[in-house]
Amino acid sequence: MYYFDHAASTKLYPEVVEVLSKSFELDYPNPAAKHAAGKACAKKIENARQEILKGLGLSGEGQFEIIFTSSATESNNQVIRSIEDGIVYLAGDHPSVTKVIDGGEGLRSIDEIVDAVNDTTKLVCISLVNSQSGQLFDVESITQKVKEKNKSCLVHVDATQGFGKVPFTLKNSKIDFVSFGAHKMGGPRGIAGLIYRSSLSEKLKRYLRGGGHEKGLRASTPATSLILALAKACELSFADLDKNMARVSELKEEIKTKLASFHNNISYPFEERNTSPYILCVQFAGIASDVLMRHLEMKQIMISSSTACSAKIKGKNPLFVGLGIDEKYHKNILRISLGKSTTKEEVDAMLDGFKQVIDEIGFLIK
């Protein structure tokens, strides 16, 4: 299989699999228990929190805290539902942001976002990397501009597609909330994080109620093994970030160059902007992306047309509308996403298969 849907979910680091295996065997005590075995698990969880914050340029300042959640979707929901109204966001962002906001305004660009901020704005939601277009945003600069217009306005960054993949730090940051998930960066599904400014803990509403887990902000027995796996994925991703970016950037450039040479109808709607090396949004005018994907699957090549959470939408796609893609091209969009494990050999095989598919079904292209 040649897998190019890493933005949906990516392969686990071997070291993460090892951590999971060992922890599943040993860390079965409940970390909320008061006996020594429970306390030992709780200590491992606290160490994991600190290691993740350290990887973001923080070391013992106490400015930020982390609670562990089940997914970045849950993290996004907790922030947005805690504020409820007066929210400004990008209409082309992930559904876990755009479909949660009732009392807000979805806009098309960062400039529009900043312009829309006024005295009544309570929260601005932005992504570090857009999950469909791959656009990479200078979230710290955007936050600075937002705070200059309204110093009490909070800023939430959905960092899921960029966490551990592109440069990101919270050192000297004015950002208030950050969500991220493990399974986009070499960790397991079912575990994620919400980083928040310590002074804002009272702003966060408790939606899972019961015991006083996760600093009283989320009831449910902490998943010790998954948390340790997330921390390991963060450690490995932060350590190799620059090297991985450089290597994947070369692979992406090869894909762009060769794909465009296969057919005149192939273009890249967002590549004139700053984009992540891990995501390439492709527009293939004249042929439905579903047709291309099915033929590529026959050659064991796995790519997608949109984010997995938007994949079931037929026809007009609200996410594409938000990104400014003309509706007549909504059925012609592909997303090729690479991972840290993607090899040159896999890229070559994908390109060979893509060329064969174009040769085979080229008569369908209008």
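What to note about this one:
- Relative contact order for region 175-298, counting Cα pairs under 8 Å that sit 6 or more residues apart, in percent: 16 percent
- Using the empirical formula 2.2 N^0.38 Å as the baseline, the Cα radius of gyration of region 45-95 reaches a ratio of 1.43.
- Convex hull volume per residue, computed on the Cα atoms of the chain, equals 133 Å³.
- The separation of region 238-299 from region 77-126, counted between C-alpha centres, amounts to 29 Å.
- Approximate spin-label separation Asn264-Thr221, in nm, with each point projected 7 Å along Cα-to-Cβ: 6.4 nm
- A cut-off under 14 angstrom between Cβ atoms defines the neighbours of Cys234, and their net charge, with Lys, Arg +1 and Asp, Glu -1, is +2.
- Selection of GluC sites (Glu not before Pro), region 214-279, meeting DSSP coil and at most 12 other Cβ within 10 Å: Glu272
- Relative contact order, percent, the chain [alpha-carbon distance under 8 Å, six or more residues apart]: 24 percent
- Percent antiparallel among DSSP beta bridges (both partners in the chain, rounded to 5): 50 percent
- Integer Hz, Karplus 6.51/-1.76/1.60 couplings in order for region 197-208, x for Gly and Pro: 5, 3, 5, 9, 4, 6, 6, 7, 7, 9, 9, 9
- Rounded to whole numbers, the Karplus 3J(HN,Hα) couplings from phi for region 40-51 are 5, 5, 4, 5, 4, 5, 5, 5, 5, 4, 5, 5 Hz, using 6.51 cos²θ - 1.76 cosθ + 1.60 with θ = phi - 60°, and x at Gly and Pro.
- Taking only the alpha carbons of region 265-366, we obtain Rg and Dmax values of 13.5, 36 Å in that order.
- Around the amide H of Leu107, modelled in the peptide plane, lie the amide H atoms of Tyr89, Leu90, Ala91, all under 5 Å away and 5 or more residues distant in sequence or on another chain.
- Contour excess over end-to-end distance, with Cα ends at Lys151 and Asn118 and 0.36 nm allotted per residue: 10.9 nm
- Per the Debye calculation on region 50-187 with a single equal scatterer at every Cα and no solvent contribution, log₁₀ I(q)/I(0) for q = 0.21 Å⁻¹ amounts to -1.41.
- Within region 202-248, the ratio Rg/Rh, alpha carbon atoms throughout and Rh by Kirkwood, equals 1.23.
- Mean-position separation - Cα centroids, region 1-30 and region 133-182, in angstrom: 27 Å
Since every read-out is calculated from the coordinates, none of them should be taken as a lab result. Remember, it's a predicted structure, so these values are computed and weren't measured experimentally. Virtual Cβ from ideal backbone geometry, glycine too; neighbours counted across all protein chains shown.
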